[in-house]
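Presented below is the structure to which this report refers.
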Amino acid sequence: MTVDTYRSYREWATTKLATRPQVSVVIPAYNEEIRILPTVGAIATHMSSRGEPWELIVADDGSSDTTVALLSGLRFPNMRVLTTDRNGGKGSAVRRGIAAASGEYILFADADQSTPIEQFDHMFTRMREEGLDLLVGSRAAHGARVSGKSILRRVLSRGLRTFVRVLFDIRVRDTQCGFKLFRAETAREIFARQVIDGFSFDLEIIYLCHRLGFKVDEIPVEWIDAPGSKVDEAKVVARFLVDLAHIRLNDLRGRYEPRPTVSASVPAPRSRTHGPDDL
């Protein structure tokens, strides 16, 4: 870490922003006591070094370990920790984080840092140059680098992507990577309609973006399989296929009409599940 980077980080970690953040980084977290501090440190160091005002929002999903206590102990003035009494699923956690964000752009990033925060730089540049509403980090786009993924998980991921492309006519090849950059107005419009609390929320938000005519594209990223995964591939695939049908039915039933407001304290009624982004 250079002296300038350290100074930028220390300023962010000790002094409250006086202006609206340009970027909000939203991290959903559930029982992440082992890796949440390294993740926050990496993100805070890199984002601060860019020299732009930014904020960090961690949307805890009812953790039963020390995740919240560890984060609260940091006392960063530009970091907010959202809590809920019950585990509601990754989709509900991200929805609460989006509702609390005040930046002009909002990055959703997984807590395991499978996609390193350094990937944000070229993503942000392209987002602004092309006037995109949503830019999706992709492990399937040409130029992506994927490490540590088993052959079984590669096959399953490829099969699910093909199925999604055929069924939904979505051009984005990797809907499930946990690294997505939104314009704030787009995020609020989409998450006012989005209803899935579990792992298929990624597909749902991209489906809604296409349905509403937003400008969406994907960009190749580096992705490294995080250690300690507890994914049950068979259950993930089965649940994802069920949710595909739910998205279609939700649309037919008119469930994607916007809700009046999106609250940062959206209740979390479901238990946690893993998603195809874990595949």
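The values are calculated or read from the model by the stated rules, or taken from the named source; none is laboratory data. Quick caveat, the model's predicted, so the values are computed rather than measured. All Cβ positions, even for glycine, are placed from backbone atoms using ideal geometry, and neighbour counts span all protein chains on display.
Values computed for the structure shown
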| quantity | calculated |
| --- | --- |
| Only one of 82, 17, 37, 70 that is in contact (Cβ under 8 Å) with a residue 60 or more places away in the chain, surrounded by fewer than 21 Cβ atoms within 10 Å (Cβ to Cβ) and hydrophobic (A, V, I, L, M, F, W, C) | 17 |
| Tally, over the range 31-60, of residues that are touching a strand residue (DSSP E or B) at 6+ places or on another chain (Cβ under 6 Å) and acidic (Asp, Glu) | 2 |
| Selection count where residues are assigned to a helix (DSSP H, G or I) and surrounded by fewer than 17 Cβ atoms within 10 Å (Cβ to Cβ), scope the range 88-144 | 8 |
| Selection within the range 130-146 - modelled with pLDDT under 95, touching a Lys or Arg at 6+ places or on another chain (Cβ under 7 Å) and among the aliphatic types (A, V, I, L, M) | 140, 141, 146 |
| Any hit, the range 222-231, residues being within 16 Å of residue 110 (Cα to Cα), modelled with pLDDT of 80 or more and of a type in the set (A, V, I, L, M, F, W, C) | yes |
| Subset tally (residues that are basic (Lys, Arg), part of a loop (DSSP other than H, G, I, E, B) and modelled with pLDDT of 95 or more) for the range 66-87 | 1 |
| Every pair of residues 6+ apart whose Cβ atoms lie under 8 Å, when the first sits in the range 197-210 and is closer than 16 Å to residue 59 by Cα while the second is aromatic (Phe, Trp, Tyr) | 199/240 |
| Condition met for residue 240 (modelled with pLDDT of 90 or more, within 18 Å of the chain's Cα centre (by Cα) and among the aromatic types (Phe, Trp, Tyr)) | no |
| Residue tally, condition among the polar types (S, T, N, Q) and without any contact (Cβ under 8 Å) to a residue 40 or more places away in the chain, over the range 3-14 | 0 |
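Yes or no, residue by residue, for (1) at pLDDT below 95; (2) among the hydrophobic types (A, V, I, L, M, F, W, C):
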| site | (1), (2) |
| --- | --- |
| 95 | no, no |
| 100 | no, yes |
| 112 | yes, no |
| 128 | no, no |
| 148 | yes, no |
| 166 | yes, yes |
